[in-house]
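Coordinate-derived values only; no laboratory data. Not measured: the values here are computed from a predicted model. Cβ: placed from backbone, ideal geometry, glycine included. Neighbour counts: every protein chain shown.
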Amino acid sequence: MSNKIDIVHPTEFQLSPTGSFFVKKGAKLVITIHDLIHEKFGAPGNLYSKVSRTNFYRQADGYAFVSKSTRNDFSEFYPELFESKPSKVILHGCNFAACEQKNQNQRKQFLFVGSREGYKNFTNAALAFCKVADDNKDCTLVVAGAPPKLLELRILKNYENQISWVEFPDEERLRSLYAESLALLYVSKWEGFGMPLLEAMMQGCIPIAGNHSSIPEVLGEAGMKLNCESVDEIAEAMKLTLTYDSKTKNLVKRGYDRASFFTWAKSAELHRNFYKNL
């Protein structure tokens, strides 16, 4: 380990032995703050400790925030740390290339992606689908992620012929699910950024999402933003996407335009400049 290391940028809430070694040798420590979900909603078991996380954040020479919303949350929960360190909002890029040709495989399908625990608000998404499915027997819901739990199966038991559970799809399968779906149900109660929003828009899938936290910042004029605590509002938005009229076609176009703004090249350049300034 004779090479000089200038920056240590860990991916977890602790330093590795190698990271600690170079920080002690004078390397600058940069910490990315992705969200303050645990601070806002709590966490199971020993997943979160305010004391240990504060001690870790205190070691940093600078903070990178994935959105303005996350920066604002951090300033609320850790005001002294926020005011004492340099920081920069550095947005994510999108992992998928744009697919702007109309997908011939697109169907009357809604998609829910990722974790369904707690603040992710899957119950409201499921109840909204039930409302829509009552009048639209040919629409479907695809749930991509962990296997279904008993409570989830109970909520959707009368619609089991219209539900597909796709367990932990790989990247290519996930991309195809977005492309096949009219809309993404992204109705979580809070988000630090919202990567699925970009992934959906790049594939012509309209995000239906809460009008809060980082979501308006990421969506801009794209997507359908609503009160995610209201099952009726979610259901009404879903029904609108089923019409596939000029309004929804415009939302698809806005989605492509908005998602193309987020690139990893921009993110990398902003990180490089932040490192240099430190």
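Data overview
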| quantity | calculated |
| --- | --- |
| Estimated FRET transfer efficiency when R0 is 30 angstrom, pair Lys131-Glu167 (beta carbons, to 0.05) | 0.70 |
| For the stretch 210-278, diffusion coefficient by Stokes-Einstein and Kirkwood Rh (Cα), 4 °C, 1.567 mPa s, µm²/s | 91 µm²/s |
| Whole-angstrom gap from the stretch 203-218 to the stretch 16-66, using each part's C-alpha centre | 27 Å |
| Sites matching chymotrypsin sites (Phe, Trp or Tyr not before Pro) across the stretch 28-76 that sit in DSSP coil, with at most 16 neighbouring C-beta atoms within 10 Å | Tyr48 |
| Charge dipole magnitude, Cβ of K and R +1, D and E -1 - the stretch 109-259, Cα centre, debye nearest 20 | 120 debye |
| Principal axis dimensions, the stretch 32-82 - Cα atoms, whole angstrom, descending | 28, 22, 16 |
| Positive dipole terminus of the stretch 109-259, leading residue within Leu240, Tyr186, Ala259 (C-beta point charges) | Leu240 |
| Charge dipole magnitude, Cβ of K and R +1, D and E -1 - the chain, Cα centre, debye nearest 20 | 620 debye |
| Partners for Lys239 among lysines (Cα-Cα distance below 26 Å; same-chain residues under 8 apart left out) | Lys102, Lys108, Lys120, Lys131, Lys137, Lys157, Lys189, Lys225, Lys247, Lys249, Lys253 |
